[in-house]
1. Could you give the length gained by full extension between residue 82 and residue 115, i.e. 0.36 nm per residue of separation minus their alpha carbon distance, to one decimal place?
2. Quick check: Cα centre of segment 104-133 to Cα centre of segment 1-36, how many Å?
3. Specify the residue with the greatest mean-square fluctuation among 76, 134, 143, computed from a Gaussian network of the chain linking alpha-carbon atoms under 10 Å apart.
4. Shape of segment 59-152 from its Cα gyration tensor (a ≥ b ≥ c, root eigenvalues): rounded if a/c is under 1.5, otherwise prolate when a/b > b/c, or oblate?
5. State, as an integer percentage, the relative contact order of the chain based on alpha-carbon contacts under 8 Å between residues 6 or more apart.
6. Can you put 151, 129 in order of Cβ neighbours within 10 angstrom, beginning with the fewest?
7. Please order 149, 130 by the number of other Cβ within 10 Å, starting at the fewest.
8. Counting other beta carbons within 10 Å of each Cβ, put 124, 138 in order, fewest first.
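Read the figures in this text as sums done on the coordinates, not as results from a lab. Keep in mind that what you see is a predicted model, and the values were worked out from it rather than measured. Ideal geometry is used to build each Cβ from the backbone, glycine not excepted, and the neighbour counts take in all protein chains shown.
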């Protein structure tokens, strides 16, 4: 089944909306977001290695990781999980350490479509339109696309 990635960055507002379906039950897709050893296997492009420093996927938990390219260049990310409801929903902050003081607030909804299928909906809110446009220009969509292809493989 085709599970296309849909990314929408509406003109004039600091939001990004992402929708993607998976051929796996919602519990399995949620677990792949919750367990750090699974997150490290799918999140981001294939040519980066991920070193998870902290991943406490519960309400009030924190997360941080460093992605390193083949050239040795490292990129740090961090945030907090404000609300986590198993198999349903999470709200987190997202900060790229290369742009300190620019923090996005993201909600992710895990929707059970039946027949062992899941839809993820992500809504990211940035502090300014400029910050949102910077994220779009960074190649974020390509990284999300590849990461979700890797997640398909993991939950198959």
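1. 8.9 nm
2. The two parts, judged by their Cα centres, are 6 Å apart.
3. Looking only at 76, 134, 143, the largest GNM fluctuation is found for 134.
4. prolate
5. 27 percent
6. Ascending Cβ contact count within 10 Å gives the list 129, 151.
7. On the way: 149 15, 130 11.
In increasing order of surrounding Cβ atoms, one gets 130, 149.
8. Going from least to most buried by this count: 138, 124.
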